[in-house]
Amino acid sequence: MGGTKRIYLDNAATSWPKPDAVYDAVDRYMRESGAPAGRSVYAEAHQANQIVAATRAAVARLIGADDPRRIAFTLNGTEALNIAIHGLVDEGDRVVTTVAEHNSVLRPLRELESTRGVRVDRVSCNVRGFVDPDDVRAAMGAKTKLVVVTHASNVTGTIQWVADIARIAHERGALVLVDAAQTLGYLPVHVGELGIDLLAAPGHKGLLGPLGTGLLYVRAGVEAKLRTLRQGGTGTQSDQDRHPQTLPYKYEAGSLNVPGIVGLSAGIDFLRLQGNKLRSHHQHLCERLVAGLIEIEGVKVFGPADPADRVGVVSITIDGYDPQEVAAMLDGAHRIQVRAGFHCAPLMHAAIGTIDLGGAVRFSIGVFNTEADIDAAIYAVAEVAAASAAT
Ligand SMILES: Cc1ncc(COP(=O)(O)O)c(C=O)c1O
């Protein structure tokens, strides 16, 4: 076992490899078109407009949004979250969030807390990573304007009870922003059924697009309260020096990342053709990984006990090792590529007890991983753990 084949298990950071159709689409666009979207009328520019419109419509269909104009393209998940948080929250407002969030939620909120007097209540989770919706209810106040929750943790993979949390938020008149970075493309995400007002997601993880892609969904009516963070050219209302308030242009100042959007379109097409079998693929591999890892002496596996409650993200610690050391050994000796440390989620590591251990080692499963990849990872972890026990 071992060998030199690269085994990529860092899909929670960005998915790799991408489907061939994604490489082909980006390459073809770059070589044969290269035209901007929304700006000009020559043939290639018109095609660029069409592909952007078709991708917007594909994203809208995927998340059950009734109108593609409610989808704005962004640089990544972080930008979408920043537009939503900074665009909505004012001085004196309250926000409820959870300790399961990524720094792309925690840091904008910390900034608003320290510079604008915004009160942020951070709801705890249990050791398996679940946030109790009743704790969200208890944290809500009359001035709570926004509840921000991640759909699934990027540390433990725990899927949160988003629909229950959204119902509670709406009962108290607050809006709900969901970070779907670890679920979109992996789980069904229907904004209407889940009660989501704003949804932020990268295009480069579960949707299989290139880095540099992301999206923000804005429910009908919410745009009236959601300021723009950037103003600039949109190719619309160009006779005016005021930024348009119409969607999606309100949140899309400047030239769009057309090569990225072209690739994203091919990624979403690939997912549509695969259908439901991808969820079972992920669940099967995740179950196999957890089952193998929990048998290894000295290894602690975090996250939900039931594989149905998590996405394909599994974090572990190995007694006697710093997580960075484990990651270096897995790559150096076995070419198994994982992410070690705090995963930009410090409060989650505090909640599961790994903050003083240097965090954890995270395996995250992608569309193209196989049973053989998972078995190689289990074997490699067992070797590392055995070496620790021997010293
Ligand atoms: C839960 C979660 N939210 C947000 C992000 C930020 O996404 P991006 O890297 O596209 O900015 C990530 C990225 O790892 C994430 O895991």
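Work through the residues other than Pro133 whose Cβ is under 12 Å from its Cβ and net out their charges, Lys, Arg +1 and Asp, Glu -1.
Counting the neighbours of Pro133, the net charge comes to -3.
Taking every DSSP beta bridge with both residues inside the chain, roughly what % is antiparallel (nearest 5)?
Antiparallel bridges make up about 50 percent of those DSSP assigns within the chain.
Based on DSSP H runs of at least 4 residues, each adding -39500 (n - 2.57), what is the mean residue ellipticity at 222 nm of the chain after dividing by all its residues, to the nearest 500 deg cm²/dmol?
About -12500 deg cm²/dmol.
For region 276-390, what is the relative contact order in percent, using Cα pairs closer than 8 Å and at least 6 residues apart in sequence?
Answer for region 276-390 is 33 percent.
Please report the accessible area of His243 (heavy atoms, 1.4 Å probe, ligands and nucleic acids excluded) in Å², nearest 10.
Using a 1.4 Å probe on the heavy atoms, I get roughly 30 Å².
Taking every pair of alpha-carbon atoms in the chain, give the share separated by more than 39 Å as a whole percent.
More than 39 Å apart: 19 percent of the Cα pairs in the chain.
Give me the base-10 log of I(q)/I(0) for region 10-82 at each q in 0.25 Å⁻¹, Debye formula, one uniform scatterer per Cα, rounded to two decimals.
So the normalised log intensities work out to -1.23.
Once the piece of chain linking Glu193 and Ala163 is laid out straight, how much longer is it, given 0.36 nm per residue of separation minus the C-alpha distance between them?
10.1 nm
By average Cβ neighbour count within 10 Å, what is the ranking of 361-370, 52-61, 272-281 from highest down?
361-370, 52-61, 272-281
Please compute the Kirkwood hydrodynamic radius over region 43-119, one decimal place, Å, based on all pairs of different Cα atoms.
14.7
Given the protein chains as shown and a 1.4 Å probe, how many square angstrom of Lys5 are accessible, to the nearest 10?
Lys5 has an accessible surface of roughly 120 Å² with all protein chains in place.
Packing-wise, with mean Cβ within 10 Å as the measure, how do 133-144, 87-98 rank, highest first?
87-98, 133-144
Got a number for carbon plus sulfur as a percent of the chain's accessible area, 1.4 Å probe?
51
Could you check the spin-label model distance between Ser124 and Ala291? Points 7 Å from the Cα along Cα→Cβ, value in nm.
3.5
On average, how much accessible surface per residue is there in the chain, in Å², for a 1.4 Å probe, leaving out ligands, DNA and RNA?
Dividing the accessible area of the chain by its residue count gives 42 Å².
Along its principal axes, what span do the Cα atoms of region 63-210 show, with the longest given first and each in whole Å?
38, 31, 28
Which of Thr14, Thr236, Thr74 ends up with the largest GNM mean-square fluctuation for the chain, with Cα atoms connected below 10 Å?
Thr236
If I take every Cα pair under 8 Å that is 6 or more residues apart in the chain, average their sequence separation and divide by the length, what percent do I get for the relative contact order?
24
Which lysines have a Cα lying under 26 Å from the Cα of Lys145, excluding residues fewer than 8 positions away in the same chain?
Cross-link targets: Lys225, Lys250.
Below 26 Å, Cα to Cα, which lysines can Lys277 reach? Residues fewer than 8 away in the same chain don't count.
Within reach: Lys5, Lys18, Lys205.
Give me the Kirkwood hydrodynamic radius of region 276-390, using the inverse of the mean 1/r over all pairs of distinct Cα atoms, in Å to one decimal.
By the Kirkwood definition, the hydrodynamic radius is 14.3 Å.
Anyone know which of Val147, Val131, Val222 comes out most mobile in the 10 Å Cα GNM of the chain?
Highest fluctuation among the options: Val222.
Rounded if a/c is under 1.5, else prolate if a/b is larger than b/c, else oblate: which is region 195-269, with a ≥ b ≥ c the root eigenvalues of its Cα gyration tensor?
oblate
Residues in region 161-180, backbone N under 14 Å from the label point at Ala142 (7 Å along the Cα-to-beta-carbon vector): list them, ranges by number please.
Within reach of a label on Ala142, which here means backbone N under 14 Å from a point 7 Å along Cα→Cβ, region 161-180 contributes 173.
The values are calculated or read from the model by the stated rules, or taken from the named source; none is laboratory data. Bear in mind that the values here come from a model prediction, so they are computed numbers and not experimental data. Glycine also receives a Cβ, built like all others from the backbone with ideal geometry; neighbour counts cover every protein chain displayed. Just so you know, the surface numbers come from the protein's heavy atoms only, side chains and all, with ligands and any DNA or RNA stripped out. Shrake-Rupley method; radii C 1.70, N 1.55, O 1.52, S 1.80 Å.
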